[in-house]
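Down below is the structure, laid out as structure tokens.
The values are calculated or read from the model by the stated rules, or taken from the named source; none is laboratory data. Because the structure is predicted, anything quoted here is derived from the model rather than measured. Here the Cβ is made from the backbone with ideal geometry for all residues, glycine too, and neighbour counts use every protein chain on show.
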Amino acid sequence: MGLIFEKKNSIAYLMLNRPEARNAIDSETVLELISAWETVRDDHDIKCAVITGAGDKAFCTGADLGNLIPLFTGARKPESEAEQQVQKNPFLAQKALLRDFELYKPIIAAINGDAIAGGMELLYSTDIRVACESARFGLQEVKWAIFPMGGSTVKLPRQIPFAKAMEILLTGELFQATEALSMGFINKIVPQQKVLEEAEAYAKTIVKNGPLAVTAIKKAVLNNIGLTLKEGLSKEFEIAIPVFLSKDAQEGPKAFKEKREPIFQGK
């Protein structure tokens, strides 16, 4: 099992579970990730997701160079049903990495080790990122004559300064968690044993908030990137109005006035 998935107290937990391969993604893990993300999207009880990796060496080092990449390049034939599916439709791997998968529920990354290649690309679609002190980041595809097509040339320059994005993309060199923090790519650095706990603390705070407001805010941010100011403000209004007309929007102020915790229903 390349992925461990569980749900607890409105939080979905995804753990990449191939520590012997530095949590690199093989064909089976691709399909398991897609199934997990679809569950997070469709399950009304899930309000937030936390993703991490097994072990203390790597969060995820991207596509398995000995398993997944040779399927894409035609260097080897598929040996299982999962490999047949992934070779037949290479875009499944992109869906697993959330390259163009619409998911408006917040995702917290607990980066327990190296996030390299597809592992770093997966982070682009997370909203809050907590890393351990020893974590390293990078896009090494260019070193192996591979294009980082998990959204790197589109999403990375939108999340960090242009010159730093180009340095990362063109050199293929790794960089430390402290540098990732200084450029705003991650939110916080904590000791190794505290990474999941800190990420979970963010998730527990978020699930207490109005779920309609939370998902609408993420949707507005993602949909407004690239729009003109006028277009963005118009789109924001369009997304915000249904939230204001919801029962939750009535419950929130009422609970505040009555000095009690609100009971949100997502309606």
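Any idea which residue in segment 5-34 is modelled with the highest pLDDT, counting only those that are assigned to a helix (DSSP H, G or I) and β-branched (Val, Ile, Thr)? Write out each step before concluding.
At the first step, the residues of segment 5-34 found to be assigned to a helix (DSSP H, G or I) are 19-21, 27-34.
Still in the running and β-branched (Val, Ile, Thr): 29-30, 34.
Working: 29: 93, 30: 92, 34: 96.
Going through the qualifying residues, I end up with 34.
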Exercise. Is it true that residue 86 is surrounded by 17 or more Cβ atoms within 10 Å (Cβ to Cβ), at pLDDT below 95, β-branched (Val, Ile, Thr) and on the phi < 0 side of the Ramachandran plot?
Worked result: yes
For this session: List the strands (runs of 3 or more DSSP E) that sit entirely inside segment 35-125 and contain at least 2 residues that are in contact with a helix residue (DSSP H, G or I) (Cβ under 7 Å, 6 or more places away or on another chain).
Result: 48-53, 58-60, 107-111
Exercise. Assuming residue 212 fulfils every condition listed in (1) touching a Ser or Thr at 6+ places or on another chain (Cβ under 6 Å); (2) closer than 30 Å to residue 138 by Cβ; (3) not hydroxyl-bearing (Ser, Thr, Tyr) apart from one, which condition is it?
Worked result: (2)
For this session: Filter segment 180-213 down to the residues that are within 11 Å of residue 106 (Cβ to Cβ) and out of contact with any strand residue (DSSP E or B) (no Cβ under 8 Å at 6 or more places or on another chain), then identify the one that is surrounded by the most Cβ atoms within 10 Å (Cβ to Cβ).
Result: 211
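Would you check which residues across segment 234-267 are loosely packed, with under 14 Cβ neighbours inside 10 Å and either in contact with a Lys or Arg (Cβ under 7 Å, 6 or more places away or on another chain) or polar (S, T, N, Q) (or both) and list them? Give the steps one after another, and end with the answer.
Restricting attention to segment 234-267, the residues satisfying the condition of being loosely packed, with under 14 Cβ neighbours inside 10 Å are 234, 237-238, 241-242, 244-245, 247, 250, 253-254, 256-261, 263, 265, 267.
Once the filter is applied, which keeps residues that are loosely packed, with under 14 Cβ neighbours inside 10 Å and either in contact with a Lys or Arg (Cβ under 7 Å, 6 or more places away or on another chain) or polar (S, T, N, Q) (or both), segment 234-267 yields 234, 247, 250, 265, 267.
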Exercise. Taking segment 213-233, which residues are touching a Lys or Arg at 6+ places or on another chain (Cβ under 8 Å), among the hydrophobic types (A, V, I, L, M, F, W, C) and touching a residue at least 12 places away in the same chain (Cβ under 8 Å)?
Worked result: 214, 220, 225
For this session: Check residue 100 against each of (1) loosely packed, with under 15 Cβ neighbours inside 10 Å; (2) over 26 Å from residue 216 (Cβ atoms); (3) touching a residue at least 12 places away in the same chain (Cβ under 8 Å) and name the one condition it does not meet.
Result: (2)
Exercise. Conditions: (1) touching a residue at least 60 places away in the same chain (Cβ under 8 Å); (2) out of contact with any Gly (no Cβ under 9 Å at 6 or more places or on another chain); (3) within 17 Å of residue 203 (Cα to Cα). Residue 110 meets all but one. Number of the miss?
Worked result: (2)
Exercise. Considering only segment 171-212, how many residues are out of contact with any Lys or Arg (no Cβ under 9 Å at 6 or more places or on another chain) and of a type in the set (A, V, I, L, M)?
Worked result: 5
Exercise. Looking at (1) surrounded by fewer than 13 Cβ atoms within 10 Å (Cβ to Cβ); (2) more than 30 Å from residue 65 (Cβ to Cβ); (3) free of Cβ contacts under 8 Å to residues at least 60 places away in the same chain, which is the one condition that is false for residue 163?
Worked result: (2)
Exercise. Of a type in the set (Asp, Glu) and either crowded, with 20+ Cβ neighbours inside 10 Å or closer than 16 Å to residue 13 by Cβ (or both): does that describe residue 114?
Worked result: yes
